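The values are calculated or read from the model by the stated rules, or taken from the named source; none is laboratory data. Since this is a predicted model, take the numbers as computed values, not measurements. Reconstructed Cβ throughout: ideal geometry from the backbone, glycine too, with neighbour counts over all protein chains shown. When the accessible area is computed, the model is the full protein with side chains, heavy atoms only, and any ligands, DNA or RNA have been set aside. Shrake-Rupley method; radii C 1.70, N 1.55, O 1.52, S 1.80 Å.
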Amino acid sequence: MTEPVANPAFASVPALLARNASQFANRPAYREKEFGIWQSWTWAETAEEIEALALGLINLGVQPGDFIAIIGRNRPSLYWSMVAAQSVGAVPVPLYQDAVSEEMAYVLENCGASYVIAGDQEQVDKVIEVQDRLKNLQHVIYVDPRGLRKYDHRTLHEFAHVQDQGRAARDELSGELAARTGALSYDSICVMLYTSGTTGKPKGVVLSNRNVIETSKNSGDFDALTQSEEILSYLPLAWVGDFIFSVGQAYWCGFCVNCPESADTMMTDLREIGPSYFFAPPRVFEGQLTNVMIRMEDAGALKRRMFHHFLEHAKKVGGDILDGNPVGLLDRVKYSLGNLLVYGPLKDTLGYGRIRVGYTAGEAIGPEIFAFYRSLGINLKQLYGQTEATVFITQQPDGQVRADTVGVPSPAVELKIEDTGEIFYRSPGVFVEYFNNPDSTAGTKDAEGWVATGDAGFIEESSGHLRIIDRAKDVGKLANGAMFAPKYVENKLKFYPDILEAVLFGNERETCVAFINIDLVAVGNWAERNNIAYASYQELAGHPAVLETIAGHVAAVNASVAQDEMLSGCQIHRFVVLHKELDADDGEMTRTRKVRRRIVEEKFADIIDALYGGLAEVSTTTEVTYEDGRKGAISATLACVDAEVVSVQKMAAE
Amino acid sequence: MFDAAEGYVTEDGRTIGGVVMEMKNITLRFGGVVAIKDISFDIREGEIRAIIGPNGAGKSSMLNVISGFYVPQEGEVWFHGAKRKPLRPYEVARQGIARTFQNIALFEGMSVLDNVMTGRLNHMKTNIFQQALWKGRAEAEETANREVVERIIDFLEIQAIRKTPVARLPYGLKKRVELARALAAEPKLLLLDEPMAGMNVEEKEDMSRFILDVNDEFGTTIALIEHDMGVVMDLSDRVVVMDYGRKIGDGTPDEVRNNQAVIDAYLGVSHD
């Protein structure tokens, strides 16, 4: 383990801000598209805005150690709020903006937030709805005043107004601010982030300045990030990745954070900015690819032929060219031509024209999707991380990129694999503790600083890269003792554009069965082209032609799973296509869209019984929660489909 | 509650000003058909005034009288303390009145942005030649007007469709674009003809919020026709009820809801 660094020159994010404000004074720090134009702020201007807000917070009575919750979409003002909170010795706690008020109340109560900085009326309304339960809550600050004029303003303040009051009180309070910022050390709390909680209630992960700055420095060096990077910040503020990319690395390297105009305009904004450093979960890449393919169907014959011709060529040599492997001259020339005619314009349309480093993580990405982007010359790589590790555990170095691994240990990270197959790591990024939860902390992090990831995997001997099998607790055994690794099979299913989500069951059972969610965009488009009429998601999901297509995918996955000796028992014997999408509002998924396996298993127990019971169909009623929190119920009769299975009787017998 | 000539204060604390527009004994006939019969009411500054009634009650005709499109055979329209003479459409717009239509009337082939920009026409002083050259004053003018339009686009949350041709939009969004165009004229009086017709519940909720926000943020006086009773009762400060061209009720939503004539018109009466 590397020696812990004592207080370095830049021991906190506010200290990095001061450095950037003098070193990169006139370089852009933030941009936000508003009123159709990219508005920008230099580092010097950013420092002024943050100072004004910090003074305003002191003026409102914020004390060191207070928790300040920050809720809203990605906007410069909310990023400034985090740094301003740090500057006055408070702890920023970013929250998921799409959380319903009940979830929000839990987090606000758990950390005892005394201040809330909210983006707009919607967020303020949610806080007001639950404020009776929040004993510590003193003031709420909002950014966008729209619709809030009539509200009771005794404890409600407009962001700009708080800043103005801060500016007015500068002479009086700047000494206090300087003292508070100066008191920050490498071990003071930088941020508290709530885990999405695949199991149980969310836990507050406390990260110190050491965690954030060391990790930002190491990961920045790994990919040679500089102050001239451009990133688009569109992922939830509450997610550790966004905090590291948009705050940690941005302040360490001094690069520019661009915020989209609204969630709906993200793709347009992406194209306008053309980031050089980009992160997206696999579903974004999948969605974009699906879109491209659908749109190419509508293109003219010439364009379509050109597209497919050059794409075929890129598939053959694109990846090798990107990795710097030897490729014949003729192929290179043809690739350059393709770049001129197809790849270049396509990358530009997608917004990937300038990407130098791209990452994806969170879920497994389909090998074909991954290869597609890389063949176009986009340096897309994978990383493996966690909130508790301040993101980085492993990542892929340039030139050593594969779809089925997650790379080598990140700089300063040590890895070990226990006998159970579970992965452990130790690094300067290892979190301080779970807030007010010493039991959980002790259960996750041992005395020597090793942290259990909860994932099972192994290090490939030939390459030294880590490969992930599944969540350690999800890996089980079938009744005959064979290994049950649901994620492995689910991922294979999800690589089909028609399938949005899949859940496999089979632990302690004879055989495996699966739930499948269709992808409404892909299947809907297919239905339209084939003149299949449908009135609702439910009707489309139950359509015989759709079931037939899905059965084909399942059979193909079974054939592929049967190849793997260790996991051949995980073939799907029967499945249903669910009548509703698994949804975070119904608690079936986390806010980061990971399936909560146990909850799904409990909630749809009747369907599972029907699958194992050999019934041909099952009638069920499911409670659903609408976006505004109201509840309703939908009922449906689902067909239980038998899937084609490759015989593995012999293997089990051996 | 609003007897005072100087206006009144609503339940949610907004101050409603004096009379902006007054209809005095309006009668409108189409040949032998009497569409509006001797109706009088007023619209006050800053209020949301609804006109409701069953099909064929004369609501749209009434809105057309307010907008100056129809000139009533009898009666007077007073606007800002002056009796109004028959007006041409551009004169109406210059007086600060803008409207949306029951059947959407947008330029289908143009982008959302261009459609909303047309709402700024009255605020442009340069002529077509100056605009074509786009130098000096014309450029500055367009930039200033574009800024106003962008604020409205932001306000109505239609940034993502800014450059989309209107023809490609779903119905609910077209309605919103129409509202945007009307707002671009920065009207003092906004007339909405069935702003929520044909919308689903979610779209109605969105539109209601936008109407309230427009009224709140810009202080725009709004007169609207609407069928959805729930919406009308939630939105409006005062309601005029029409039936067969006559006014059968006028007052706050609560008063109107308990008015026997209104109940009869909506629920029907037994004649035995």
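As a test, work out the antiparallel percent of DSSP beta bridges whose residues both lie in chain B, rounded to the nearest 5. Taking every DSSP beta bridge with both residues in chain B, the antiparallel ones total about 60 percent.
Rg ratio for chain B: its Cα radius of gyration over 2.2 N^0.38 Å, N being its residue count, equals 1.05.
Note on chain A: dipole from Cβ charges, positive end direction compared against A:Pro275, A:Met104, A:Ala84; the farthest Cα belongs to A:Pro275. The order of the peptides A:65-72, B:49-56, A:533-540, B:105-112 by mean Cβ neighbours within 10 Å, most packed first, is A:65-72, B:49-56, B:105-112, A:533-540. Note on chain A: Kirkwood hydrodynamic radius from all Cα pairs is 26.5 Å, rounded to one decimal.
Between A:Asp320 and A:Val292, the simple label model (points 7 Å from Cα in the Cβ direction) yields a spacing of 2.1 nm.
Starting from the Cα gyration tensor of the stretch B:32-173, take the square roots of the eigenvalues, sort them a ≥ b ≥ c, and report rounded, prolate or oblate (rounded when a/c is under 1.5, otherwise prolate if a/b is larger than b/c, else oblate). Prolate, since a/c reaches 1.5 and a/b exceeds b/c. Taking 0.36 nm per residue of separation and subtracting the current Cα-Cα distance, fully stretching the chain between A:Thr625 and A:Glu102 would add 187.0 nm.
For B:Phe107 and B:Trp134, the difference between the fully extended length at 0.36 nm per residue and the C-alpha to C-alpha distance is 7.4 nm.
The spread of Cα positions in the stretch B:110-185, taken along each principal axis and listed from longest to shortest, comes to 37, 21, 19 Å.
Computed over the alpha-carbon pairs of the stretch A:172-239, the distance histogram in 5 Å steps reads 3, 12, 13, 17, 20, 17, 12, 5, 1, 0 percent, short to long.
Mean projected area of the Cα convex hull of the stretch A:8-140, taken over all directions, amounts to 8.7 nm². The alpha carbon convex hull volume per residue for the stretch A:417-470 rounds to 98 Å³. Expressed as a whole percent, the accessible surface of the stretch A:529-654 that belongs to carbon and sulfur atoms is 48, based on a 1.4 Å probe. Evaluated on the stretch A:476-653, the Kirkwood hydrodynamic radius is 16.7 Å, with distances taken between all distinct Cα atoms. For the stretch B:142-232, treating each Cα as an identical point scatterer without solvent, what Debye log10 I(q)/I(0) comes out at q = 0.11 1/Å? Once normalised to I(0) and log-transformed, intensities are -0.30. Length gained on full extension, A:Ala559 to A:Ala403: 54.2 nm, using 0.36 nm per residue less the C-alpha separation. Annotation: average projected area of the stretch A:1-71 is 7.9 square nanometres, based on the convex hull of Cα atoms across all directions. Inter-part distance, the stretch B:138-185 to the stretch A:91-146, computed on C-alpha centroids, equals 32 Å.
Anisotropy class assigned to the stretch A:402-538 is prolate, per the alpha carbon gyration tensor with a/c at or over the 1.5 cut-off and a/b larger than b/c. Under the combined filter of DSSP loop state and at most 13 neighbouring Cβ atoms within 10 Å, the stretch B:133-240 retains these trypsin sites (Lys or Arg not before Pro): B:Lys135, B:Lys163. Label-to-label distance for A:Glu508 and A:Leu302 is 6.6 nm, based on points extended 7 Å past Cα in the beta-carbon direction.
May I ask you to derive the relative contact order of chain A, considering only C-alpha pairs under 8 Å and at least 6 residues apart, and to give it as an integer percent? Relative CO of chain A lands at 10 percent. Relative to the Cα centre, the charge distribution of chain B, modelled as +1 at Lys and Arg Cβ and -1 at Asp and Glu Cβ, gives a dipole magnitude of about 1360 debye. Taken as Cα centroids, the stretch B:51-77 and the stretch A:413-463 sit 75 Å apart, rounded to the nearest whole angstrom.
Between A:Asp132 and B:Glu202, the FRET efficiency from the beta-carbon distance, with R0 = 41 Å, is close to 0.90.
Using a cutoff of 8 angstrom between alpha carbon atoms and counting only pairs six or more residues apart, the relative contact order for the stretch A:476-653 works out to 22 percent. Protection proxy ranking, highest mean first, for peptides B:247-255, B:126-134: B:247-255, B:126-134, where packing is the per-residue count of other beta-carbon atoms within 10 Å, averaged.
Over all other residues within a Cβ to Cβ distance under 15 Å of A:Lys316, the charged ones net out to -1, with Lys and Arg as +1 and Asp and Glu as -1. Looking at the protein assembly as shown, the DSSP beta bridges with both ends there are about 60 percent antiparallel.
Note on the stretch A:517-562 and the stretch A:335-353: Cα centroid distance 32 Å, given to the nearest whole angstrom.
Rounded to the nearest 20 debye, the dipole magnitude of the stretch A:435-512 is 120 debye, with +1 charges on Lys and Arg beta carbons, -1 on Asp and Glu beta carbons, and the Cα centre as origin.
When the C-alpha to C-alpha distance is required to be over 25 Å, the pairs from A:Lys126/A:Lys150; B:Lys24/B:Lys125; A:Lys126/A:Lys494; A:Lys150/A:Lys631 that qualify are B:Lys24/B:Lys125; A:Lys126/A:Lys494; A:Lys150/A:Lys631. Excluding ligands, DNA and RNA and using a 1.4 Å probe, chains B and A jointly bury around 1400 Å² of accessible surface, summed across both partners.
What is the ratio of the Cα radius of gyration of the stretch A:117-235 to 2.2 N^0.38 Å, with N the residue count, to two decimals? Output field value: 1.39. If only the Cβ of Lys and Arg carry +1 and only the Cβ of Asp and Glu carry -1, the dipole of the stretch B:110-185 around its Cα centre is close to 180 debye.
When only Cα pairs below 8 angstrom with a gap of at least 6 residues are kept, chain B shows a relative contact order of 25 percent. When the stretch A:476-653 is described by a simple charge dipole with +1 on each Lys and Arg Cβ and -1 on each Asp and Glu Cβ, the residue from A:Thr620, A:Ser560, A:Ala541 located farthest towards its positive end is A:Ser560. Here is what passes the span test in chain A: the DSSP H helices with alpha carbon length of 27 Å or more along the helix axis and a Kyte-Doolittle mean of -1.0 or above are A:301-323, A:544-563. If you take all other residues with their beta carbon under 12 Å from the beta carbon of B:Lys24, and give Lys and Arg +1 and Asp and Glu -1, the sum is -3.
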